[in-house]
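*Asks:* A single structure is presented below for examination.
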Amino acid sequence: MFDILMYLFENYIHSEQEVVVDHDELTDELARAGFHRQEIQKALAWLERLADLQDSDGKSYLSSQPSQSTRVFTEQEVVRLDSQCRGFLIYLENLGVLDFATREMVIDRVMELETANFNLDDLKWVVLMVLFNLPGHETAYDQMEGLLFEEPEGPLH
């Protein structure tokens, strides 16, 4: 499923091509690209749930109020997000790329992925996908894009 999301992001969203609106047409195109229909449906549902997270129905993460609390990860989140991933989320919050609401959206989307091997690079792409889909977060998206595509200079400490 993650491969399909990456394919869609790289071929439509990130390249700024017009996204095929017809669900069946998009499904057929993905099937022709070699993806299984069941996985295609899961990926499209994942994207739909991402859009649902920003609904203004009062129940979304974006309508939540910030708190002074510390985020404690559940056992399942710790299994999926290793210490490097969790540290990167904190780093992004400290940079201002993520806030409490977007962090929770990222964690929600990560936990919905059906992948056995999730790593830091995968997390970076999920963050990019979430930020891209949020109006008003263009600066954060640009910062994240820079973090994803720029190679660091010198040793990392």
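The values are calculated or read from the model by the stated rules, or taken from the named source; none is laboratory data. Keep in mind that what you see is a predicted model, and the values were worked out from it rather than measured. Please note: Cβ atoms are built from the backbone with ideal geometry, for glycine as well, and neighbour counts cover all protein chains shown.
*Asks:* Determine, yes or no, whether THR74 is over 20 Å from the mean Cα position of the chain (by Cα) and either modelled with pLDDT of 80 or more or surrounded by fewer than 15 Cβ atoms within 10 Å (Cβ to Cβ) (or both).
*Replies:* no
Residue-wise test of (1) among the β-branched types (Val, Ile, Thr); (2) modelled with pLDDT of 85 or more; (3) in contact with a Lys or Arg (Cβ under 7 Å, 6 or more places away or on another chain); (4) surrounded by 12 or more Cβ atoms within 10 Å (Cβ to Cβ).
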residue	(1), (2), (3), (4)
THR115	yes, no, no, yes
PHE118	no, yes, yes, yes
TRP125	no, yes, no, yes
LEU128	no, yes, no, yes
PRO135	no, no, no, no
ALA140	no, yes, no, yes
LEU148	no, no, yes, yes
GLY154	no, no, no, no
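*Asks:* Could you give me the residue pairs with C-beta distances under 9 Å whose first residue belongs to the stretch 72-90 and is in contact (Cβ under 8 Å) with a residue 24 or more places away in the chain and part of a helix (DSSP H, G or I), whose second residue is among the polar types (S, T, N, Q) and loosely packed, with under 15 Cβ neighbours inside 10 Å wherever it lies, and which are 6+ apart or on separate chains?
*Replies:* From the stretch 72-90, the pairs are ARG80/THR115; GLN84/ASN119; CYS85/ASN119.
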